[in-house]
Each structure stands twice: as C-alpha cells, then as structure tokens.
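Taking it in order: structure first as structure tokens, then the write-up.
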Amino acid sequence: MKAVIPAAGLGTRFLPATKAQPKEMLPLIDKPAIQFVIEEAVNSGIDDILIITGRGKRAIEDHFDKSFELEEILKEKNKIDLLKETQEISDLADIHYIRQREAKGLGNAIYYAKKHVGDEPFVVLLGDDIIFSDIPCARQLINSYEKYKSTIIAVDRVSKEMIQSYGVIDGEPIEDSIYKVNDLVEKPKPEEAPSDLGIIGRYVLTPEIFDAIEQTKPGKGNEIQLTDALRILNKKQPLYAYNFDGVRYDLGNKLDYIKATIEYSLRREEFRDEIKNYLRGILND
C-alpha cells in the first residue's frame with residue numbers, strides 16, 4: 001500500500017512556536033513529529049509516501065532530503081553516528097509532495113492524493129497523532145483490512161470532556177476490537193455523542209473515498225470533512241473501526257505534547273534512569 005500524510009494545517013494551537021515553522025516539525029526531544037509518522041509507515045511495510053503540504057512547509061521537504069553540506073561537516077569532524085543517522089533520514093522511503101492550494105479541510109487534502117494512489121487502497125496517517133505500540137498502528141489496520149477488504153478506521157476511547165474535538169462512531173462490536181460502523185458524527189456535543197470511540201489519525205481507505213469526497217458538501221468550519229465523506233461511503237460499502245493496541249498522544253494538544261515527550265524520553269535508554277529520578281524528585285518536593 002501507499003501512504004498519504006496530510007500536513008497542510010496551520011498549527012494555530014501551537015502559536016507562537018508554529019509562526020515560522022510547520023507544526024509537524026515540532027520535535028519530541030530531537031526527532032520531529034512527522035518523522036515518527038514516516039517511521040510508522042515504513043515499519044508497517046510501506047515505502048511509497050505522499051505528503052500533502054501547504055505554504056510554509058518547505059522545512060518538511062528539507063528534513064527528508066539529503067543535506068550534502070551537513071554530511072560533509074559531520075565527516076570532517078568524524079561524527080560518524082550522527083552522519084549515519086542523518087543519511088538514514090533521507091533513505092527512509094520514496095517520499096513525494098503535493099501542495100494543498102487552499103485550506104479546505106482534511107477531506108479536501110486527501111482528495112489531492114487521488115492521482116498518486118490510483119485505484120488501490122491506501123493508508124492515511126495524520127501527523128498530529130503519535131502512537132507508541134509494539135506493532136505499528138498502521139500495520140494493525142492493514143492486517144484488519146486484509147481480513148475485511150473494506151475501509152477501516154482507527155478509534156480510541158475519548159473522555160467526555162474531549163469528545164467534541166473528535167469524529168465519533170456509532171458502531172456495534174463484531175469481534176475483539178473490531179466494530180461495524182453504523183454512523184459517524186463530526187465533533188458532537190458530549191450529550192449527543194453516540195459512543196466514546198473517537199476517530200484518530202489512522203485510516204485504511206478504499207479508492208471509492210474519492211467519489212464520496214466529491215459528493216461531500218462543506219461542513220463544520222466550512223471545510224470538507226473526512227468524517228462526512230466516510231458517512232457517504234458507508235452507504236455504499238461496509239465501514240469498520242478498529243480499537244488499536246497502543247498508547248496515543250494528540251500533539252495538537254499541549255498537555256499531550258508534554259506527556260509524549262516524557263514517554264519518549266522514558267523509552268530511550270540514555271535518558272530513562274535520569275528522567276525517572278528527576279520525576280521522583282519533583283513529585284517528592
């Protein structure tokens with residue numbers, strides 16, 4: 001499968017940090033958020049990736065491109081480990097770019113991938129969601145798609161306080177972690193939410209989604225919402241949801257960004273013990 005990563009958003013929730021840099025380039029320690037997403041796709045067996053960008057996103061392309069001057073400097077200073085790490089970034093996958101000309105919503109952004117993915121199913125990964133898991137979340141979805149051969153979306157339990165920030169499914173369980181979707185609601189009020197299963201930023205979509213997007217009228221925010229397009233698609237083919245196995249952080253949420261940084265530091269051997277001691281010290285003060 002090919003992967004599509006929409007990365008055209010303005011990142012207003014992280015201003016002023018995103019005034020002059022893409023939100024996707026905000027780092028967890030020393031790794032930009034979008035690199036986690038690219039690595040998830042690669043570790044799921046995908047090597048053809050299309051990133052949907054917008055104005056002011058050139059830093060993303062530069063990050064995954066070769067940097068000859070930097071590599072020469074690292075060679076001269078004999079910083080071999082850093083040189084190898086830098087070179088590996090540009091060799092992760094075949095990465096292509098197309099620019100979303102206007103900010104018309106997620107559904108519109110995905111429509112830009114139509115020519116690239118053709119008539120095949122494809123994976124969509126949003127850069128706002130970082131997921132730590134033993135099996136990459138995208139791989140989990142692909143495995144489920146191979147069984148059901150229909151569009152499948154990742155969902156996660158969402159608190160009542162946060163539910164109105166998500167698309168939410170109305171679904172019935174058909175096996176462990178798998179739901180048959182009856183309907184979807186975009187950003188419902190807590191009292192109107194059909195469940196606590198919020199749609200998060202991982203999808204396996206069939207090519208019929210493009211016809212559904214064409215039929216989708218602007219919704220909330222006067223944007224083409226992917227959730228609305230999925231509702232249309234659901235009338236023509238079965239739609240499934242998968243409650244994935246892993247820990248997810250919404251990097252559009254400042255508190256989650258802090259939590260993700262702490263979790264990632266605890267996953268890195270060179271920081272783990274010192275961070276644990278530091279946290280214990282703070283909590284004991």
Selected residue (criterion: surrounded by the fewest Cβ atoms within 10 Å (Cβ to Cβ)) from residues of segment 183-210 that are without any contact (Cβ under 8 Å) to a residue 40 or more places away in the chain and either out of contact with any helix residue (DSSP H, G or I) (no Cβ under 8 Å at 6 or more places or on another chain) or not assigned by TED's automatic domain parsing to the domain that holds Glu146 (or both): Glu191
Helices (runs of 4 or more DSSP H) fully within segment 87-167 counting 3 or more residues that are aliphatic (A, V, I, L, M) and within 16 Å of Ala8 (Cβ to Cβ): 106-111
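In segment 168-182, how many are aromatic (Phe, Trp, Tyr) and not in a strand (DSSP E or B)?
0
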Whichever residue in segment 82-138 is under 24 Å from Lys187 (Cβ atoms) and among the aromatic types (Phe, Trp, Tyr) and, among such residues, is surrounded by the most Cβ atoms within 10 Å (Cβ to Cβ): Tyr111
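For the condition out of contact with any Lys or Arg (no Cβ under 8 Å at 6 or more places or on another chain), touching a residue at least 40 places away in the same chain (Cβ under 8 Å) and among the acidic types (Asp, Glu), what is the one hit in Glu39, Glu24?
Values: Glu24 fails: out of contact with any Lys or Arg (no Cβ under 8 Å at 6 or more places or on another chain).
Residue meeting the stated conditions: Glu39.
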Glu223 vs. criteria out of contact with any strand residue (DSSP E or B) (no Cβ under 9 Å at 6 or more places or on another chain) and touching a residue at least 60 places away in the same chain (Cβ under 8 Å): yes
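Would you check which residues across segment 204-260 are part of a strand (DSSP E or B) and either hydroxyl-bearing (Ser, Thr, Tyr) or closer than 15 Å to Gly107 by Cβ (or both) and list them? Break it down stepwise before answering.
Initially, segment 204-260 is screened for residues part of a strand (DSSP E or B), giving 204-205, 240-243, 247-250.
Matches in segment 204-260: Leu205, Tyr240, Tyr242, Tyr249.
The values are calculated or read from the model by the stated rules, or taken from the named source; none is laboratory data. None of the values given here were measured: they were computed from a predicted structure. Neighbour counts run over all protein chains shown; Cβ positions are idealised from the backbone, glycine included.
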